[in-house]
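Visitor: Got a structure for you, questions after.
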Amino acid sequence: MLSKKIQAAMAGSSAIRAMFVEGQEMAAKVGAENVYDFSLGNPATPAPVSFNQAVKDILDETDPLVIHGYMANSGYEDVREAIAQNLNQRFGTGFSARNVVMTVGAAGGLNIIFKTILDPEDEVVVFVPYFGEYKSYAANFDAMIVEVAPDYETFMPDLKDLEAKITSRTKAVIINNPNNPTGVVYGADMLKALASILEKKEQEFGTDIYLISDEPYRELVYDGAQVDFLTKYYRNTLVGYSFSKSLSLPGERIGYVVVPDEASDSADLLEGLSVSNRTLGFVNAPSLMQKAVARCVNEQTNLEFYDRNRRDLYEGLTSLGFTCVKPQGAFYLWMKSPVENEAEFVEAGKKYHIIMVKGSAFGCKGYVRLAYCVSHETVVNSLQAFAKLAEEYELK
Ligand code: PLP
């Protein structure tokens, strides 16, 4: 007999993964080139060549007992130092190895943060629409997700709603900038206003409210958009990062968490994160990957690859009559469903071999998400299929 918790998790299983599986099944039947699968955030541009070279060099140069061995649960000291120095150079921060814990991707990072700060019934505030796994991760620790509404024009969080939703049980607020699924980038004014609300509420309730900045898409920005480093606006910021998207390494499971010295209980938090890495069974982030990313902190993915997809998909879809939020970051496009029930629209898309993800998977009905981290060919070829879908809904 399965646990009640896993039964609940299985019942609410990831809509993104389900669509990905459907896309694979469809590809087996009609050929992958005839399926326009926009389901999964799996980068279609490879990791930089220098990353592969770094892996080979490390294997050649390093004692196998070291490179394949255990290390401290927070990761190799030299790797953490390299990451801290890179952040200091880029953002003018003052971190050292002490402030960094290496993690099993952003997902591992969020889980060790939650394990470290959450008690059952604690509240974690999220901005709708949000990465649906936040809910699963909070459920791992019997915590509650509290949803804050967006402004449906801009998809910026409604800060009045945020103010109303924070309670004495609010332990954390998660912000994901650039955003999955909307592609929106939050600007300095919004971030400062958010920080001042959190400070006010900390004083009002006499609590600590951690702002968890989930940043797997930090470097994926277009048209010169700026992503500020949040520790400069809010003392109690915990930063979670991943190389899954920025270096196209999602299967390698490598990322980190940063805890600034100014955060409340900073030293205890860092110790808690390290213990959580161990007790959740991650033990430590993959050792070879830690060493490899440390050599590639200045490497960049092929931003032009995503930008071309972004422009062509956005222009193609809007000219067919679809209403989309113009993405400024990440590699997702957020599109309004022409009918209220977006599940029906997603089903209709399948007739033309278009795979989209329902907005309800992100807590936001009436919209769909398209992950445009696919080949440019897929984007271009999909437009004739979208044209048929637009015709079906009489968009023009
Ligand atoms: N957070 C967000 C917003 C994401 O989109 C993802 C993955 O798509 C993750 C976290 C998890 O990333 P990782 O593969 O590094 O665990």
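Visitor: Taking GLU344 and the conditions (1) of a type outside the set (S, T, N, Q); (2) surrounded by fewer than 15 Cβ atoms within 10 Å (Cβ to Cβ); (3) part of a helix (DSSP H, G or I); (4) in contact (Cβ under 8 Å) with a residue 40 or more places away in the chain, which numbered condition does it fall short on, given that it satisfies the others?
Guide: Single failed check for GLU344: (4).
Visitor: Return a yes/no flag: does the range 283-294 have any residue that is more than 16 Å from the ligand (Cβ to nearest atom), under 17 Å from LEU87 (Cβ atoms) and in contact with an Asp or Glu (Cβ under 8 Å, 6 or more places away or on another chain).
Guide: yes
Visitor: Which of the residues spanning the range 195-224 are in contact (Cβ under 8 Å) with a residue 40 or more places away in the chain, outside any loop (DSSP other than H, G, I, E, B), away from the ligand (no atom under 11 Å from the Cβ) and closer than 28 Å to THR301 by Cβ?
Guide: VAL221
Visitor: Exactly one of (1) open to solvent by less than 30 Å² (accessible area, probe 1.4 Å); (2) in contact with a strand residue (DSSP E or B) (Cβ under 9 Å, 6 or more places away or on another chain); (3) under 19 Å from ASN277 (Cβ atoms) is unmet by GLY41. Its number?
Guide: The one condition GLY41 does not meet is (3).
Visitor: When you go through LYS245, LYS232 one by one, which is the residue that is at negative phi and within 11 Å of the ligand (Cβ to nearest atom)?
Guide: Sole residue among the options that is at negative phi and within 11 Å of the ligand (Cβ to nearest atom): LYS245.
Visitor: Specify which of the listed residues (TYR314, TYR393, TYR332) is aromatic (Phe, Trp, Tyr) and surrounded by fewer than 18 Cβ atoms within 10 Å (Cβ to Cβ).
Guide: Going through TYR314, TYR393, TYR332 in turn, just one is aromatic (Phe, Trp, Tyr) and surrounded by fewer than 18 Cβ atoms within 10 Å (Cβ to Cβ): TYR393.
Visitor: Taking the condition away from the ligand (no atom under 11 Å from the Cβ), without any contact (Cβ under 8 Å) to a residue 12 or more places away in the chain, more than 21 Å from the chain's Cα centre (by Cα) and more than 17 Å from THR237 (Cβ to Cβ), does LYS165 pass?
Guide: No; evaluated as a whole, the condition is false for this residue.
Visitor: Somewhere in the range 196-208, is a residue open to solvent by 30 Å² or more (accessible area, probe 1.4 Å) and closer than 26 Å to ALA371 by Cα?
Guide: Among the residues of the range 196-208, not one is open to solvent by 30 Å² or more (accessible area, probe 1.4 Å) and closer than 26 Å to ALA371 by Cα, which makes the answer no.
Visitor: Can you name the residue in the range 252-269 that is among the aliphatic types (A, V, I, L, M) and either surrounded by fewer than 17 Cβ atoms within 10 Å (Cβ to Cβ) or not in a loop (DSSP other than H, G, I, E, B) (or both) and is also nearest to the ligand (Cβ to nearest atom) among such residues?
Guide: The qualifying residue nearest to the ligand (Cβ to nearest atom) is VAL257.
Visitor: Please count how many residues of the range 270-313 are part of a helix (DSSP H, G or I), of a type outside the set (A, V, I, L, M) and out of contact with any Lys or Arg (no Cβ under 6 Å at 6 or more places or on another chain).
Guide: So the answer is 18.
Visitor: Hey, which of the helices (runs of 4 or more DSSP H) in the range 1-94, taking only ones fully inside, have at least 2 residues that are within 16 Å of the ligand (Cβ to nearest atom)?
Guide: By residue number, 15-30.
The values are calculated or read from the model by the stated rules, or taken from the named source; none is laboratory data. Treat the numbers as computed from the prediction; the structure is a model and nothing was measured. Backbone-built Cβ (ideal geometry, glycine too); neighbour counts: all protein chains shown. Calculation scope for accessible area: heavy atoms of the full protein, side chains included, ligands and nucleic acids excluded. Shrake-Rupley method; radii C 1.70, N 1.55, O 1.52, S 1.80 Å.
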